[in-house]
């Protein structure tokens, strides 16, 4: 199977590219390697995980270049993980999200339509649940009250995918990722921010005074679930469309203060804490109901938080971490 993985220098994309290549798929990785965060981390991921794949540096907002790639390679399937990430960054840099998450995603859809791609798996986000207070979040819950532009663009991706599935019959699988952590993680997310501050003896920023809950999910579980979703072309839904949107998380939400305690144990250092109010764009809790993904593709996360943070801390303190 020939697969394009966009966002291939990213946290999830790099590990997915590696796992697909190891099992024998022909994989092409694509990434713009922008400077949203330190490119040394992206380059390190590619060195660690990209040796068995071909890599193309490209922005998915460049329609002409993307079309030329699709025409030349004739992919069977595509996993689109390329996006401008970050809830808080979307408040200060809104137009960046329009280019990557909307224009770029439309370019991916058009390329899939024009060049015979059979199945598109794309990244959505738990942030689409917005102001929804019912937990755990289920795929059928309302997602029409986003609290950030980032969340709104991810919901828009789901709607665009639905329309292209209906119009052109392309099989579509959307994955609503919940908080992902592990080695090679993003430096703008809590695990890396906490580890950096703790190791430097600086205070960590604890928002909403520590009263937050997150469905932390280890990277290996996320990649396993994404691979299973890629392998399963959706059967027709109630409207006859080969279309699915799945939650992909751990289903064992953790209180932020408990997460910090586990991090302290993993690093062997007690954290200094600066308690702050809730930030704009954040939500109080995320909690995934993953029963649909488990039932339909056999996904079942296995890595517990204590084990996962132990693996993360070992990597963070090692020479493999380019930001150490």
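Using the per-residue mean of other Cβ atoms lying within 10 Å as a proxy for protection, in what order, highest first, do the peptides 71-79, 133-141 fall?
Answer by packing, highest mean first, reads 71-79, 133-141.
Please state, as a whole number in µm²/s, the translational diffusion coefficient that the Stokes-Einstein equation yields for the stretch 217-302 at 37 °C and 0.692 mPa s, with Rh defined as the Kirkwood radius across alpha carbon pairs.
208 µm²/s
Shape of the stretch 34-171 from its Cα gyration tensor (a ≥ b ≥ c, root eigenvalues): rounded if a/c is under 1.5, otherwise prolate when a/b > b/c, or oblate?
Oblate shape, in that a/c is at least 1.5 and b/c is the bigger or equal ratio.
Under the 0.36 nm per residue contour assumption, what length would be gained going from the current alpha-carbon distance of residue 188 and residue 48 to full extension?
48.4 nm
With a ≥ b ≥ c the root eigenvalues of the C-alpha gyration tensor of the stretch 3-111, is it rounded (a/c under 1.5), prolate (a/b larger than b/c) or oblate?
The shape class here is oblate.
Rank-order 233-245, 1-13, 262-274 by packing density, defined as the average count of other C-beta atoms within 10 Å over each peptide's residues, highest first.
1-13, 262-274, 233-245
Ranked by Cβ crowding within 10 angstrom, fewest neighbours first, how are 186, 47 ordered?
Least crowded to most crowded, the residues run 47, 186.
Okay, helix-only estimate at 222 nm for the chain: each DSSP H run of n ≥ 4 adds -39500 (n - 2.57), divide by all residues, round to 500 deg cm²/dmol; what do you get?
Only helices count here, giving -11500 deg cm²/dmol.
What whole number of Å gives the distance from the Cα centroid of the stretch 47-85 to the Cα centroid of the stretch 289-313?
27 Å
By count of other Cβ within 10 Å, fewest leading, how are 184, 315 ordered?
Least crowded to most crowded, the residues run 315, 184.
Note the angle between two axes, namely the Cα long axis of helix 305-316 and the longest principal axis of the Cα atoms of the chain, as a number of degrees from 0 to 90, rounded to the nearest 10.
90 degrees
May I ask you to give the average projected area over all directions of the convex hull of the Cα atoms of the chain, in nm² rounded to one decimal?
15.0 nm²
On C-alpha positions alone, give me the angle between the axis of helix 149-168 and the longest principal axis of the chain, in degrees, nearest 10.
With rounding to tens, the tilt is 20 degrees.
Which residue fluctuates most in the GNM of the chain (Cα springs below 10 Å): 219, 91, 108?
91
If you count the DSSP beta bridges with both ends in the chain, what percent of them are antiparallel, to the nearest 5?
So the antiparallel bridges in the chain amount to around 5 percent.
Considering only DSSP beta bridges where both residues belong to the stretch 176-324, give the percentage that are antiparallel (nearest 5).
15 percent
In whole angstrom, note down how far apart the Cα centers of the stretch 1-29 and the stretch 175-252 are.
18 Å
With a ≥ b ≥ c taken as the square roots of the eigenvalues of the C-alpha gyration tensor of the stretch 185-235, please select rounded if a/c is under 1.5 and otherwise prolate if a/b is larger than b/c or oblate if it is not?
prolate
Quickly work out the residue 257-to-residue 280 label distance, labels modelled 7 Å from Cα along the C-beta direction, and quote it in nm with one decimal.
Between residue 280 and residue 257, the simple spin-label model gives 2.9 nm.
With axes computed from alpha carbons, what is the tilt in degrees of helix 105-114 against the longest principal axis of the chain, rounded to the nearest 10 within 0 to 90?
Between helix and principal axis, roughly 30 degrees.
Every read-out reported here was derived from the displayed coordinates using simple, explicitly stated rules and does not represent laboratory data. As the structure is a computational prediction, the values presented were derived from the model and not from experiment. Glycine also receives a Cβ, built like all others from the backbone with ideal geometry; neighbour counts cover every protein chain displayed.
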